[in-house]
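Heads up, the thing below is written out as structure tokens.
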Amino acid sequence: MIKENFNGKVYTAVSDGELICIIERIDTNTYHVKNKFTDMTAEIIPLDEYRTQQRCLEHKRVGKDGKFRKSKALIEHNLNWLQWMLEEKGFIRRTKPMKC
């Protein structure tokens with residue numbers, strides 16, 4: 001069973017005593033996320049109802065030896081995942097889908 005805890009600046013998710021994810025608001029638009037495979041600091045700024053600006057400040061992936069190392073792999077995917085998590089957990093407002 002997953003237990004979630006949110007206290008305004010920090011969101012944590014724990015499953016069976018194992019930490020799944022921590023999201024921490026560092027500054028107004030700066031967030032730090034850590035899970036089993038990724039340690040990332042990013043700036044996510046809602047520009048208007050439809051667009052959001054993302055910028056990765058630091059990105060680390062876990063290596064074969066279990067240590068975090070700087071990496072460029074999957075940055076865009078992890079930024080999109082972080083933005084989705086921030087919208088789901090209420091850190092930032094949801095963007096509206098654009099109509100064609």
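I need a count of the residues in segment 1-34 that are under 20 Å from Lys60 (Cβ atoms), modelled with pLDDT of 90 or more and surrounded by 11 or more Cβ atoms within 10 Å (Cβ to Cβ). First the steps, then the outcome.
So the first thing to find is which residues in segment 1-34 are under 20 Å from Lys60 (Cβ atoms), and the list is 10-13, 18-27, 30-34.
With modelled with pLDDT of 90 or more added as a condition, the list becomes 10-13, 20-27, 30-34.
Narrowing the set further to residues that are surrounded by 11 or more Cβ atoms within 10 Å (Cβ to Cβ) leaves 10-13, 20-26, 30-34.
Looking only at that region, the number is 16.
With the requirement that a residue be within 19 Å of Ile26 (Cα to Cα), touching a strand residue (DSSP E or B) at 6+ places or on another chain (Cβ under 7 Å) and among the charged types (D, E, K, R), what does segment 38-88 give you?
Selection gives Asp39, Glu43, Arg55, Glu58, Lys60.
Please specify each residue of segment 43-62 satisfying the condition of being modelled with pLDDT of 90 or more and either among the charged types (D, E, K, R) or in a loop (DSSP other than H, G, I, E, B) (or both).
If the condition is that a residue be modelled with pLDDT of 90 or more and either among the charged types (D, E, K, R) or in a loop (DSSP other than H, G, I, E, B) (or both), then Glu43, Arg55, Glu58, Lys60, Arg61 are the ones that fit.
The values are calculated or read from the model by the stated rules, or taken from the named source; none is laboratory data. This one's a predicted model, so the numbers in the text were calculated from it and none came from an experiment. Backbone-built Cβ (ideal geometry, glycine too); neighbour counts: all protein chains shown.
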